[in-house]
């Protein structure tokens with residue numbers, strides 16, 4: 001395949017060095033090596049890679065029919081293990097492959113990687129149409145895979161350690177029902193194949209993606225330096241250069257075995273083509289020792305790099321700009337595809353420098369410049385260069401607007417309360433917060449107006465920002481745009497349902513919630529919100545049915561028990577709630593919320609001491625659990641343990657100042673302790689929070705009567721009677 005060396009392995013003259021002008025070919029003399037024979041190993045390797053794809057297809061088919069299968073065998077899945085603690089099959093495969101590479105060398109890439117298979121297929125197809133991709137050699141860009149690997153797999157862990165974050169607990173995710181969740185759709189998959197297959201191969205040569213873009217190869221290359229498995233040479237070597245000519249991994253095999261007695265380049269993927277074509281059988285796979293300890297017996301021959309040092313620097317800058325511009329663009333371009341685009345862009349614009357600075361320039365099989373003048377191909381190349389530069393800068397502008405809008409949104413710390421009916425975040429915000437809100441909206445609107453495609457995340461974020469700004473119509477328009485873009489996604493329907501609840505259109509909201517659950521039966525947030533809406537409408541039995549459907553759809557998610565238990569208590573079916581919540585705390589004994597609900601259920605079932613025990617346990621787990629403090633205080637009132645009740649109720653009212661019942665019962669407890677003066681503040685706070693509570697006004701009258709405020713007591717009693725009559 002494409003190589004920059006002559007068959008002798010001594011280096012040869014590139015077309016760039018010769019100015020793109022054809023040189024006379026000297027006929028081979030007597031004893032010159034014959035033509036390079038075809039590799040027998042290529043067919044074996046093709047068969048193995050085809051078998052890999054058969055296994056991949058079987059994996060997908062099993063998930064399609066069973067609904068649950070082994071999690072994806074993709075090394076990128078290891079990020080979820082490192083960042084979230086999700087131990088999955090991709091992480092296991094990555095670790096096992098690296099450990100095997102430490103012994104046998106970098107064989108997994110050549111014999112087990114589907115991307116290598118795609119590149120080999122593209123090389124074969126391009127040769128069928130007369131295009132022989134030339135290998136590209138760079139000093140600096142070869143470090144791109146390792147840099148990307150460190151960014152993906154090491155930097156997040158280092159950042160968490162640096163900021164004092166705790167490592168996530170490891171959980172078993174070897175099996176999954178959401179097999180395709182982390183994979184792109186068919187359009188992006190095809191584009192990725194084109195970019196990382198044909199595009200990379202055409203511009204950078206066979207295995208160009210492995211050499212200049214693959215993050216996994218960055219780690220495999222490091223591990224290879226410690227491996228003892230090597231391509232080694234015997235004394236039978238005649239230095240014919242056939243091995244270098246046959247290598248499709250851009251490795252100068254002839255030079256390396258002459259200097260080290262083995263191949264030490266970490267780019268060697270142990271494809272064994274060099275072994276197969278050696279006319280004297282001098283090469284073999286055997287024990288050669290770690291390349292990191294290898295000593296050369298001769299000085300290296302100069303490497304024919306394709307770029308000058310200045311051009312290398314330009315290529316690195318352009319590559320970084322392109323990666324940042326295209327990664328995540330319109331929420332569609334995944335990282336590896338963006339890396340492929342960045343590698344091609346770096347090469348392309350370095351070649352554009354050649355067009356500007358050199359008299360004769362050749363680009364693969366095209367002559368771009370001859371004698372200082374552009375050819376027709378050169379004019380087309382220059383026009384494409386301008387268009388690609390414009391597209392890159394436009395993409396950079398869109399990404400910058402989305403990034404800036406997201407940063408401003410995060411600085412506002414908007415909570416779920418912006419979705420509540422009657423919320424008015426802007427009215428309560430500071431001037432700086434209102435300015436940040438307006439600027440964030442402007443940034444996202446620019447991205448959506450001038451971008452070639454809509455950005456999903458920008459529309460989602462705009463929904464929150466519009467709600468905070470009180471612009472409900474624009475928020476609904478954003479969600480409906482999302483529904484058009486993602487008709488098979490549940491989240492937009494859930495968002496529209498939330499907007500309908502906010503607007504009081506409850507029947508319409510129910511329809512959208514049902515559609516969201518049809519698309520994603522395991523979407524717990526939608527079920528919980530739908531259930532809460534039904535409870536608020538006095539339809540707890542329907543809410544219970546909705547939540548129980550969730551338990552059936554996702555039996556591996558124990559959190560369903562919390563919502564089911566709450567609704568069962570709403571229905572006063574405390575014994576059933578006890579059973580459900582007891583099962584939950586057996587699975588998750590460290591859940592403060594679970595213990596709190598179990599304590600409330602126990603008290604509802606008449607098991608007061610059990611309830612107190614569970615609530616006390618909840619507070620040991622989380623001393624700032626306002627609900628646990630309130631319910632424990634309420635229970636202690638009925639046990640006549642008034643001083644303890646006052647402590648917990650006061651703590652609940654501090655932790656959650658909006659909890660009206662905490663203020664009310666604190667007033668009751670302090671009154672029972674013979675301190676009516678201390679009860680005035682809490683009961684008035686309860687009335688402020690719930691002005692139409694007749695019971696609170698009645699108790700207020702009692703407190704004022706005890707303090708001798710006859711007129712105040714009469715007014716409070718009259719208000720209580722008025723509210724009772726209204727009811």
The extension gain from residue 503 to residue 525, computed as 0.36 nm times the residue separation minus the Cα-Cα distance, is 6.0 nm
For the chain, longest principal axis from Cα atoms; helix 710-726 axis from its Cα atoms; angle between them, nearest 10 degrees, is 70 degrees
Region 584-645: spread of alpha-carbon positions along the three principal axes, whole Å, largest first, is 34, 25, 13
For residue 541 and residue 694, extending 7 Å from Cα along the Cα-Cβ vector and measuring point to point gives, in nm, a value of 2.7 nm
With the label point 7 Å along the Cα-to-beta-carbon line of residue 572 and a cut-off under 14 Å to each amide N, the hits in region 593-613 are 604-606
Helix 456-468: inclination vs the chain longest Cα principal axis, degrees, rounded to 10, gives 30 degrees
Hull volume per residue for region 231-270, using the convex hull of the C-alpha atoms, in Å³ is 60 Å³
Which of (1) 39.9; (2) 34.7; (3) 45.4 is the computed mean projected area of the Cα convex hull in nm²? It is (1)
With no solvent term and unit scatterers on the alpha-carbon positions of region 488-538, Debye gives log₁₀ I(q)/I(0) at q = 0.14, 0.16, 0.27, 0.31 Å⁻¹ of -0.27, -0.35, -0.98, -1.23
For region 539-678, one quarter of the surface area of the C-alpha convex hull, expressed in nm², comes to 8.6 nm²
Between the modelled labels at residue 457 and residue 44 (7 Å from Cα along Cα→Cβ) the distance in nm is 4.6 nm
The distance between the Cα centres of region 332-406 and region 630-655, in whole Å, is 70 Å
Over all pairs of different Cα atoms in region 41-229, the reciprocal of the mean inverse distance gives a Kirkwood radius in Å of 18.1 Å
Between the alpha carbon centres of region 37-57 and region 139-213 the gap in Å comes to 24 Å
With label points set 7 Å from each Cα along the Cα-to-Cβ direction at residue 358 and residue 710, the distance between them in nm comes to 10.8 nm
Counting only DSSP beta bridges with both partners in the chain, the antiparallel fraction in percent, to the nearest 5, comes to 85 percent
Relative contact order in percent for region 624-727 (Cα pairs under 8 Å, 6+ apart) equals 18 percent
Cα-only Rg/Rh for region 316-437 with Kirkwood Rh rounds to 1.26
So the angle from the long Cα axis of helix 506-519 to the longest Cα principal axis of the chain, reported in degrees to the nearest 10, equals 40 degrees
Dividing the mean separation of Cα pairs under 8 Å (6+ apart) by the residue count of the chain yields a relative contact order in percent of 8 percent
What helix-only [θ] at 222 nm does the chain give? Using -39500 (n - 2.57) per DSSP H run of at least 4, over all residues, to the nearest 500, the answer is -19500 deg cm²/dmol
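A short reminder: the numbers here are calculations on the coordinates, not readings from a lab. As the structure is a computational prediction, the values presented were derived from the model and not from experiment. As a convention, Cβ positions derive from the backbone with ideal geometry for all residues, glycine included, and neighbour counts pool all protein chains shown.
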